[in-house]
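What follows is a short report on a single structure.
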Amino acid sequence: MTQCDSSLADLSTQGLGSVQRYANLRRTDSEIFRLLVEQMRAESTTLKMIPSENFASLAVLEATGSILTNKYAEGYPNARYYEGNEIIDRIEQLAIDRVKALFGAEHANVQPYSGSPANQAVYRALLKPGAKFMGMPVPAGGHLTHGWKVNFSGIDYFQIPYGPDPQTGLLDYDQIRDIARRERPQLIWVGATAYPRILEYDKFAEIAREVEAYLVADIAHINGLIVGGVHPDPVPHCDVVTSTCHKLLRGPRAGFILCRVEDRYREKYHPEDSSTLAKRIDRAVFPGLQGGPHVNVIAAMAVAFKEASTEEYRQYARQVVRNCRRLAEKLLEKGYQLASGGTDNHLLLMDFRHTPHTGKEVAKALARAGIICNFNMVPGDPRKPFVTSGVRLGTPAITSMGMKEPEMDLIASWIDTVCRNLDDPDRVVGRIRQEVAELCLRFPPPGYVSVE
Ligand SMILES: *Cc1c(COP(=O)(O)O)cnc(C)c1O
């Protein structure tokens, strides 16, 4: 046992009862049990700084791991293809009502298995194969499902790319308008996996209206910041909003779709179909793409939506941004470059274009020091996607652990030390790995228990 493994044995056993301490799993499948424990050790002694990751609450974990996994409920509340769903109807309706209230949406579908299937349903509901849409390519910060060439979205539909200016790292709304005017897309995606700035939905809406395109916001990454009031609200400006549940929202792995009921472009794009937009979205999810919804996950989503509607959660969201800004400030002070010059949200992109070091090299060295992040393209990146010149760091998970500005200062100084020693990381990573573990053990995340 290494030193940090043994200190992990002291980890507080908050919350989970003995059944959930995996006694049955241990008896039935010792291999998976061991691997689970190893993963638990790794995650509770390292800094989870991948911006799309977080820690779900014990209540969310309990609902996800519950007997609700045993039920089939194809269909929607009060319109099922299986009997015995009266209680399941109430569970799904609660999830729907809560997410509608949380975002002020007219209609919600909580059945998508994850964020990508949610986006797939939007294509199926709004476009015909081959239709033109605007989205950000992956190297520009967009998601695979916004038209990347190896994804269904780039194969079955026709992406017109847009993205941040390579010099400034910022979206240029005049340029986006010019592209839209020239190309007349049927749909515009606004959303990103690696854009550290505010997205101005009102400006996108103006552009979309002018060219009569559907405007769809993908808020997978920033949903919690919208709930917390630290990022603009897309709902009033968009036809459809898609999201994951497991990133900032701290829910189970799942997706959901919000939309207006009426389709304002029905006559233009769907003259043969008299259904509402809400109906077409629902039909695209089930039976269009999926069979039985994951009822256990929908129950856990309802729990996460309830948790996210509290003042405590809104404070959490604000702290996520304060932490990220602090980290950015400290890194800038130490002379590092950040894409777009800083951050307004939960993530930042360190920019190593001007150095001999690649994003991959930095991310791997940071991981050895216990700072888990990912290498990422930056705007104007001359290197290949599997090497990159950027490192993406996010604060959602470490903020869930309870870390604040003083911890950000520590983390910035560790990152700096690793980056100054890239020629021989061995000099420093062992010591920092130990310090990181000691810090993390002071902030135990929910559900990470010691198992002898
Ligand atoms: C994470 C993400 C998704 C997809 O989520 P999965 O659950 O991984 O399928 C979609 N869009 C954006 C912008 C994302 O960041």
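The values are calculated or read from the model by the stated rules, or taken from the named source; none is laboratory data. Computed from a predicted structure; not experimentally measured. Neighbour counts run over all protein chains shown; Cβ positions are idealised from the backbone, glycine included.
Here Ser114 clears all of (1) away from the ligand (no atom under 16 Å from the Cβ); (2) surrounded by fewer than 19 Cβ atoms within 10 Å (Cβ to Cβ); (3) among the polar types (S, T, N, Q) except the condition numbered (1).
Just to be sure, is Gln175 in a helix (DSSP H, G or I) and in contact with a Ser or Thr (Cβ under 9 Å, 6 or more places away or on another chain)? It is false that Gln175 is in a helix (DSSP H, G or I) and in contact with a Ser or Thr (Cβ under 9 Å, 6 or more places away or on another chain).
Only a single criterion out of (1) within 18 Å of Asp263 (Cα to Cα); (2) within 16 Å of the ligand (Cβ to nearest atom); (3) surrounded by 22 or more Cβ atoms within 10 Å (Cβ to Cβ) is not satisfied by Ala108, namely (2).
Matching residues to (1) buried (at least 23 other Cβ atoms within 10 Å of the Cβ); (2) modelled with pLDDT under 95; (3) within 13 Å of the ligand (Cβ to nearest atom):
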| position | (1), (2), (3) |
| --- | --- |
| Arg181 | no, no, no |
| Gly191 | yes, no, yes |
| Lys203 | no, no, no |
| Ala208 | yes, no, no |
| Tyr214 | yes, no, no |
| Asp233 | no, no, no |
| Pro236 | no, no, no |
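Among the residues of the stretch 138-146, some residue qualifies, meaning at least one is of a type outside the set (Val, Ile, Thr), within 16 Å of Phe256 (Cβ to Cβ) and modelled with pLDDT of 95 or more.
If I ask for residues that are more than 16 Å from the ligand (Cβ to nearest atom), part of a loop (DSSP other than H, G, I, E, B) and within 24 Å of the chain's Cα centre (by Cα), which ones from the stretch 252-290 would you list? The one that is more than 16 Å from the ligand (Cβ to nearest atom), part of a loop (DSSP other than H, G, I, E, B) and within 24 Å of the chain's Cα centre (by Cα): Arg260. Counting only residues that are in a loop (DSSP other than H, G, I, E, B) and touching a helix residue (DSSP H, G or I) at 6+ places or on another chain (Cβ under 9 Å), the stretch 356-379 holds 7 of them.
Sub-6 Å Cβ pairs linking a first residue in the stretch 217-244 that is in a helix (DSSP H, G or I) to a second residue that is among the small types (Gly, Ala, Ser) and more than 9 Å from the ligand (Cβ to nearest atom), at least 6 apart or interchain, are Gly224/Ala317; Leu225/Ala317; Val227/Ala308; Val235/Gly104; Val235/Ala105; His237/Ala205, ordered by first then second residue.
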